[in-house]
Amino acid sequence: MKIEVPHKVWGGMMERAKGNETNSRPKVLVVEDEPSLLDTLEYSLSRQGYEVSVSNDGAKALDLARKERPDLVILDVMLPTLDGFEVCRILRQEMSAPILMLTARADEVDKVVGLEVGADDYLTKPFSMRELMARVKALLRRVRMVREEVASEEKAAADETSPVERLVFPDLTIDLGRREMYYKQQLFHLKPKEFELLVFLARNRGIVMSRDLILERVWGWDYDGGSRTVDVHVRWLREKVEEDPSNPTRIVTVRGIGYRFEG
Ligand code: CA
């Protein structure tokens, strides 16, 4: 049996992977209009630990699926209002949850498989609950493997693009990734230029930085405000990182030139 998985289905699955990682109890939607079979399915799946929602109608099942975002759909072919093939086609456009179709006749199997309505698997009635559970498990395992793969790829990508870099001094920590500053364990939110100025000075610890150089590096060469800007920002910073802002020991003034960060 050959089942085509359209590319966009996998794309959709990846999108879902982000949102549902923490959900440990898989949600299963059962769509079946035979009351006794619906009851049996609901009971058996609940006993296996699945979160089960049910519907006996094609159109209502679509609404329920949009609301519940199930991890798996078990779908009968012959249904009131909208048959299982239509429901399957529409669901495929909107979500990536695997669909297990329940068929009653050989010609329905042909449709499920041959016409590519997008079902992932099928069972022919009558079937045993053991068989159904095995298929459900296999389909959900496949989803989980894709999700784990996506999660580990995302983690690897995140590790590559945002290394955690911090500049640490006595009582002062500058978190470059989060753009946050902690002074005596207290978090301070700095204005963007204030933060950049602090980072620039801290990275050049012990070196005198002229106002002109600071302006050029922090504000950019085309900034046309005066060097007073630097002094104002240094004053703001001193209020946050100095024991006594009027007698600074961390960001010291070098008369006639600029500033030096002492650590
Ligand atoms: Ca039916």
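Only residues that are part of a strand (DSSP E or B) and touching an Asp or Glu at 6+ places or on another chain (Cβ under 8 Å): list them for the stretch 210-257, please. Residues satisfying the conditions are ILE251, VAL252. Residues that are within 15 Å of ASP231 (Cα to Cα), of a type in the set (A, V, I, L, M) and assigned to a helix (DSSP H, G or I) within the stretch 188-209 comprise LEU197, LEU198, LEU201, listed in sequence order.
To keep it simple, each residue is scored yes or no on (1) within 16 Å of the ligand (Cβ to nearest atom); (2) surrounded by fewer than 19 Cβ atoms within 10 Å (Cβ to Cβ); (3) under 27 Å from the mean Cα position of the chain (by Cα).
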{"site": "VAL52", "(1), (2), (3)": "no, no, yes"}
{"site": "SER55", "(1), (2), (3)": "yes, no, no"}
{"site": "LYS60", "(1), (2), (3)": "yes, yes, no"}
{"site": "ASP63", "(1), (2), (3)": "no, yes, yes"}
{"site": "PRO70", "(1), (2), (3)": "no, no, yes"}
{"site": "ASP76", "(1), (2), (3)": "yes, no, no"}
{"site": "LEU79", "(1), (2), (3)": "yes, no, no"}
{"site": "VAL87", "(1), (2), (3)": "yes, no, no"}
{"site": "SER96", "(1), (2), (3)": "no, no, yes"}
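Selection of the stretch 39-50 for residues being in contact (Cβ under 8 Å) with a residue 12 or more places away in the chain and within 16 Å of the ligand (Cβ to nearest atom) yields THR40, LEU41, GLU42. Taking the criterion of being loosely packed, with under 14 Cβ neighbours inside 10 Å, hydrophobic (A, V, I, L, M, F, W, C) and at pLDDT below 85, the residues of the stretch 103-145 that qualify are ALA106, LEU115, MET145.
Can you find even one residue in the stretch 210-219 that is under 29 Å from ALA158 (Cβ atoms) and more than 33 Å from the chain's Cα centre (by Cα)?
yes
Going through the stretch 98-131 one residue at a time, which ones are of a type outside the set (A, V, I, L, M, F, W, C), within 16 Å of the ligand (Cβ to nearest atom) and assigned to a strand (DSSP E or B)? Walk me through how you get there before you give the answer.
Here is the first cut: in the stretch 98-131, the residues of a type outside the set (A, V, I, L, M, F, W, C) are 98, 103, 105, 107-108, 110-111, 114, 116, 118, 120-122, 124-126, 128, 130-131.
Pick out the ones that are also within 16 Å of the ligand (Cβ to nearest atom) and you get 103, 105, 107-108, 111, 122, 124-126.
Scanning the stretch 98-131 gives THR103, TYR122, THR124.
Let me confirm something: among PHE200, PHE261, which residue is in contact (Cβ under 8 Å) with a residue 40 or more places away in the chain and either among the aromatic types (Phe, Trp, Tyr) or over 24 Å from GLN186 (Cα atoms) (or both)? Just a single option satisfies the conditions, and that option is PHE261.
Here is a yes/no grid of residues against (1) among the polar types (S, T, N, Q); (2) closer than 15 Å to ILE174 by Cβ; (3) exposed (fewer than 10 other Cβ atoms within 10 Å of the Cβ):
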| residue | (1), (2), (3) |
| --- | --- |
| GLN185 | yes, yes, yes |
| LYS191 | no, yes, no |
| PHE200 | no, yes, no |
| ARG205 | no, yes, no |
| VAL208 | no, no, no |
| ASP212 | no, no, no |
| GLU216 | no, no, no |
| TRP221 | no, no, yes |
| SER227 | yes, no, no |
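Out of curiosity, is ALA138 within 16 Å of the ligand (Cβ to nearest atom), more than 15 Å from LEU29 (Cα to Cα) and without any contact (Cβ under 8 Å) to a residue 40 or more places away in the chain?
Numbers: within 16 Å of the ligand (Cβ to nearest atom): no; more than 15 Å from LEU29 (Cα to Cα): yes; without any contact (Cβ under 8 Å) to a residue 40 or more places away in the chain: yes.
Criteria not met by ALA138.
Test VAL109 against the criterion of being touching a residue at least 24 places away in the same chain (Cβ under 8 Å) and in the same structural domain as PRO35 (by TED's automatic domain parsing), and give yes or no.
Working: touching a residue at least 24 places away in the same chain (Cβ under 8 Å): no; in the same structural domain as PRO35 (by TED's automatic domain parsing): yes.
No; evaluated as a whole, the condition is false for this residue.
Which residues, taken from the stretch 175-187, are part of a strand (DSSP E or B) and within 27 Å of the chain's Cα centre (by Cα)? Quick ask: steps written out before the conclusion?
Kept after step one, since they are part of a strand (DSSP E or B), are these residues of the stretch 175-187: 175, 180-183, 186-187.
Correct list: ASP175, GLU180, MET181, LEU187.
Look at (1) outside the structural domain of SER55 (by TED's automatic domain parsing); (2) within 16 Å of the ligand (Cβ to nearest atom) and you find that GLU153 fails only one, number (2).
The values are calculated or read from the model by the stated rules, or taken from the named source; none is laboratory data. Just so it is clear, the model here is predicted, and its values are computed rather than measured. Ideal geometry is used to build each Cβ from the backbone, glycine not excepted, and the neighbour counts take in all protein chains shown.
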